[in-house]
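Written out below as structure tokens is the structure these notes cover.
Since every read-out is calculated from the coordinates, none of them should be taken as a lab result. Keep in mind that what you see is a predicted model, and the values were worked out from it rather than measured. Don't worry about glycine lacking a Cβ; one is built from the backbone with ideal geometry, like all the others, and counts go over all protein chains shown.
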Amino acid sequence: MDPNSTPVITFVGLSGTGKTTFLEKLIPLLKERGLRLAVLKHDAHRFEMDRPGKDTYRFSAAGADVVAISNREKFAMIEQPSRELSLEEIISRLPEVDLVLTEGYKKNDRPKIEIHRAELNRPLIAEPGELLAVMTDEPLPVSVPQLPLTDAAGCADLILGYLRRYRGEAEG
């Protein structure tokens with residue numbers, strides 16, 4: 001997959017704003033609209049997908065650089081790279097999809113939708129020129145669409161409009 005031709009939208013926001021919860025609501029709406037999606041989560045901390053005692057965990061612990069598991073319904077591969085992979089490197093390894101959604105890759109240069117909560121009393125973390133929209137519970141002084149935090153359907157519509165423009169299609 002060409003990482004430069006695949007549309008990517010990054011969801012950013014401070015910890016505790018509800019990025020994952022929002023994406024859980026958004027993903028089924030985008031699937032209902034016929035999109036094939038990949039979702040990438042950036043974790044600044046150490047994570048473990050395998051559970052101790054499981055075969056894949058045991059293979060990794062024994063020193064395998066790549067461990068994969070598959071059946072009729074799922075395929076998963078765990079790699080221990082020598083360095084953190086760039087977003088472009090990860091996208092190039094994905095199967096063909098219509099859209100890549102990322103959570104937490106705030107330093108990439110892809111369009112961003114920020115999840116913002118007034119109760120945190122903090123400014124936006126994305127630069128204004130990077131923003132596609134803001135999901136918020138208060139009006140903000142930015143010139144991009146601002147949608148209520150609960151409006152996953154409105155966000156899905158916004159994303160579909162973005163994809164049409166990205167592909168050079170007429171609005172409609």
Just to be sure I understand the filter: pairs with C-beta atoms under 9 Å, separated by 6 or more residues or on different chains, first member in the range 143-170 and closer than 16 Å to Lys31 by Cα, second member of a type in the set (Phe, Trp, Tyr) and surrounded by 13 or more Cβ atoms within 10 Å (Cβ to Cβ). Which pairs pass? Ala152/Phe22; Cys155/Phe22
Can you confirm whether Pro95 is surrounded by fewer than 18 Cβ atoms within 10 Å (Cβ to Cβ), without any contact (Cβ under 8 Å) to a residue 40 or more places away in the chain and out of contact with any Asp or Glu (no Cβ under 8 Å at 6 or more places or on another chain)? no
In the range 54-103, how many are closer than 23 Å to Pro28 by Cα and part of a strand (DSSP E or B)? 7
Assigned to a helix (DSSP H, G or I), farther than 24 Å from Phe22 by Cα and free of Cβ contacts under 8 Å to residues at least 24 places away in the same chain: does that describe Arg51? no
Matching residues in the range 115-157 - criterion: being surrounded by 15 or more Cβ atoms within 10 Å (Cβ to Cβ), assigned to a strand (DSSP E or B) and touching a helix residue (DSSP H, G or I) at 6+ places or on another chain (Cβ under 9 Å): Ile115, Leu132, Ala133, Met135, Thr136, Leu147
Any residue at all in the range 61-68 that is small (Gly, Ala, Ser), closer than 28 Å to Asn108 by Cα and out of contact with any strand residue (DSSP E or B) (no Cβ under 6 Å at 6 or more places or on another chain)? no
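This table checks each residue for (1) surrounded by fewer than 16 Cβ atoms within 10 Å (Cβ to Cβ); (2) of a type outside the set (Ser, Thr, Tyr).
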site	(1), (2)
Ala61	yes, yes
Ala68	yes, yes
Lys74	yes, yes
Glu79	yes, yes
Ser82	yes, no
Ile90	no, yes
Val100	no, yes
Tyr105	no, no
Pro111	no, yes
